1. Name the residues in region 85-96 that are touching a helix residue (DSSP H, G or I) at 6+ places or on another chain (Cβ under 8 Å) and within 19 Å of Ser52 (Cα to Cα), would you?
2. Out of everything in region 8-36 that is over 30 Å from Gly100 (Cβ atoms) and not hydrophobic (A, V, I, L, M, F, W, C), what residue ends up being surrounded by the most Cβ atoms within 10 Å (Cβ to Cβ)?
3. Which of (1) outside any loop (DSSP other than H, G, I, E, B); (2) of a type in the set (Gly, Ala, Ser); (3) surrounded by 13 or more Cβ atoms within 10 Å (Cβ to Cβ) is the odd one out, the single condition Gly100 does not satisfy?
4. Name, by its number, the condition in (1) over 30 Å from Leu5 (Cα atoms); (2) within 17 Å of the chain's Cα centre (by Cα); (3) surrounded by 12 or more Cβ atoms within 10 Å (Cβ to Cβ) that does not hold for Ser52.
5. Where in region 1-83 are there helices (runs of 4 or more DSSP H), lying fully within it, with 1 or more residues that are hydrophobic (A, V, I, L, M, F, W, C) and over 19 Å from Val93 (Cα atoms)?
Amino acid sequence: MDGLLVRGKLDDGEEMYLDALSDLVGSYEDEHHAIEPASDADMLRHLMDAKSVSNAQLSRDAGLPKSTNSEVLARKKPFTRQIIRKLADYFHVDIGVLTGNF
């Protein structure tokens, strides 16, 4: 697959072959190396790190209490619908990204 990916422009046959290989690898990984959904705490931490946002800044900008963010990060509180809406708007992500454990 790597050899095909680095080639750039592929002909139709190579594209079909790459698609088939990708499907086979995806199926194998799903069956043998499944990845669990990220926890709410992990997801929030990732989004904050990616945007270089502190808890205080997130609280101010997204309108969420600092204590709520801290409880989610400490795994003491899960996302609620209200938290999900505010985070999705603030981080400009689809709501579905945050509802994996909902």
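Values in this text are rule-based calculations from the coordinates and carry no lab data. Remember, it's a predicted structure, so these values are computed and weren't measured experimentally. Because the Cβ atoms are built from the backbone with ideal geometry, glycine has one as well, and the counts that use them run over all protein chains shown.
1. Going residue by residue through region 85-96, those that are touching a helix residue (DSSP H, G or I) at 6+ places or on another chain (Cβ under 8 Å) are 85-91, 93-95.
Those that are touching a helix residue (DSSP H, G or I) at 6+ places or on another chain (Cβ under 8 Å) and within 19 Å of Ser52 (Cα to Cα): Lys86, Leu87, Ala88, Asp89, Tyr90, Phe91, Val93.
2. First, pick out the residues of region 8-36 that are over 30 Å from Gly100 (Cβ atoms): 8-17.
Keeping just the survivors that are not hydrophobic (A, V, I, L, M, F, W, C) gives 8-9, 11-15, 17.
On the way: Gly8: 6, Lys9: 6, Asp11: 9, Asp12: 7, Gly13: 8, Glu14: 12, Glu15: 12, Tyr17: 14.
So, considering only residues that are over 30 Å from Gly100 (Cβ atoms) and not hydrophobic (A, V, I, L, M, F, W, C), the one surrounded by the most Cβ atoms within 10 Å (Cβ to Cβ) is Tyr17.
3. Going through the list (1) outside any loop (DSSP other than H, G, I, E, B); (2) of a type in the set (Gly, Ala, Ser); (3) surrounded by 13 or more Cβ atoms within 10 Å (Cβ to Cβ), Gly100 breaks only (1).
4. Only one criterion is unmet by Ser52, namely (3).
5. Working: elements: 2-5, 12-32, 40-51, 55-62, 66-73.
It comes to 2-5, 12-32, 55-62.
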